[in-house]
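Below is one structure, written out as structure tokens, with a few remarks after it.
The values are calculated or read from the model by the stated rules, or taken from the named source; none is laboratory data. Since the model is a prediction, treat every value here as computed from it, not as a measurement. Here the Cβ is made from the backbone with ideal geometry for all residues, glycine too, and neighbour counts use every protein chain on show.
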Amino acid sequence: MPTNITHAIPALAIGLGIGRHILPLKVIITGALIASIPDLDMIGTRYFNVPWDSIYGHRGYTHSIFFAICTALITALLFSGVVNRKHFKRYFLFFAFCMLSHGLLDFCNEGGLGVAFLWPLSDLRFHSLVQPIMNVNVSFRGLYLSTSGLPVFLSEILWVWLPFLALYLILKYKLIDQLKLNILKNKTTLK
Ligand SMILES: [Zn+2]
């Protein structure tokens, strides 16, 4: 699996890129935190002998689209208020993105079983044919306190951090709008 820091990156990039006037900082931070919720299934596999390939094992039901939507729905209701539901739609969409990004990163990760995206409709596991993100197969100590975690971080920086940094800059500085404006200006000058 990718590291939990990397699971927070899509939420931070999109949230901060869109801007705090649309998504308050506490919503962005919550999005970054809930993006790691699916991996709580590791408790079952590590401490309660739940088989890896069980739907209750790692990358099972907690990584499904259904679970992502339910978690996003509850979190958005908590933030927007159950009664007046202020900003509910935008919070829900953001939290759903954060949750779904987890499954998508795991989908592109070389380790473990595939992701049960379609639970409860199907227990089928999905794994990308191309899996550029390296698997974390070292201990916590090895990952963060030694050089053995370096290749993992390098692969995550290359395939997740940098693309999302680019996305953050595009959103933050409205680069697409500026590009359109420049094209329009050039056309007007040519006329
Ligand atoms: Zn996961």
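Which residues, counting only those in the stretch 71-102, are surrounded by fewer than 15 Cβ atoms within 10 Å (Cβ to Cβ) and either among the small types (Gly, Ala, Ser) or touching a Ser or Thr at 6+ places or on another chain (Cβ under 8 Å) (or both)? Passing the criteria: Gly81, Lys86.
What do you reckon, is Phe92 away from the ligand (no atom under 12 Å from the Cβ), touching a residue at least 24 places away in the same chain (Cβ under 8 Å) and of a type outside the set (Asp, Glu)?
Numbers: away from the ligand (no atom under 12 Å from the Cβ): yes; touching a residue at least 24 places away in the same chain (Cβ under 8 Å): no; of a type outside the set (Asp, Glu): yes.
Criteria not met by Phe92.
Do we have any residue at all in the stretch 37-55 that's more than 11 Å from the ligand (Cβ to nearest atom), modelled with pLDDT of 95 or more, more than 22 Å from Ile5 (Cα to Cα) and surrounded by 18 or more Cβ atoms within 10 Å (Cβ to Cβ)? Checked the stretch 37-55: at least one residue is more than 11 Å from the ligand (Cβ to nearest atom), modelled with pLDDT of 95 or more, more than 22 Å from Ile5 (Cα to Cα) and surrounded by 18 or more Cβ atoms within 10 Å (Cβ to Cβ).
Residues are listed down the side, and each one gets a yes or a no for (1) within 21 Å of Tyr168 (Cβ to Cβ); (2) at pLDDT 95 or above; (3) buried (at least 16 other Cβ atoms within 10 Å of the Cβ); (4) in contact with a His (Cβ under 7 Å, 6 or more places away or on another chain):
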{"position": "Asn4", "(1), (2), (3), (4)": "yes, no, no, no"}
{"position": "Ala8", "(1), (2), (3), (4)": "yes, yes, yes, no"}
{"position": "Ile18", "(1), (2), (3), (4)": "yes, no, yes, no"}
{"position": "Ile22", "(1), (2), (3), (4)": "yes, no, no, no"}
{"position": "Ile29", "(1), (2), (3), (4)": "yes, yes, no, no"}
{"position": "Ala35", "(1), (2), (3), (4)": "yes, yes, yes, yes"}
{"position": "Thr62", "(1), (2), (3), (4)": "no, yes, yes, no"}
{"position": "Phe107", "(1), (2), (3), (4)": "no, yes, yes, yes"}
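Taking the stretch 9-41 as the range and being in contact with a Cys (Cβ under 7 Å, 6 or more places away or on another chain) and β-branched (Val, Ile, Thr) as the test, only Ile34 passes.
On the given criteria, is Ala68 touching a Cys at 6+ places or on another chain (Cβ under 8 Å) and crowded, with 18+ Cβ neighbours inside 10 Å?
On the way: touching a Cys at 6+ places or on another chain (Cβ under 8 Å): no; crowded, with 18+ Cβ neighbours inside 10 Å: yes.
The answer is no for Ala68.
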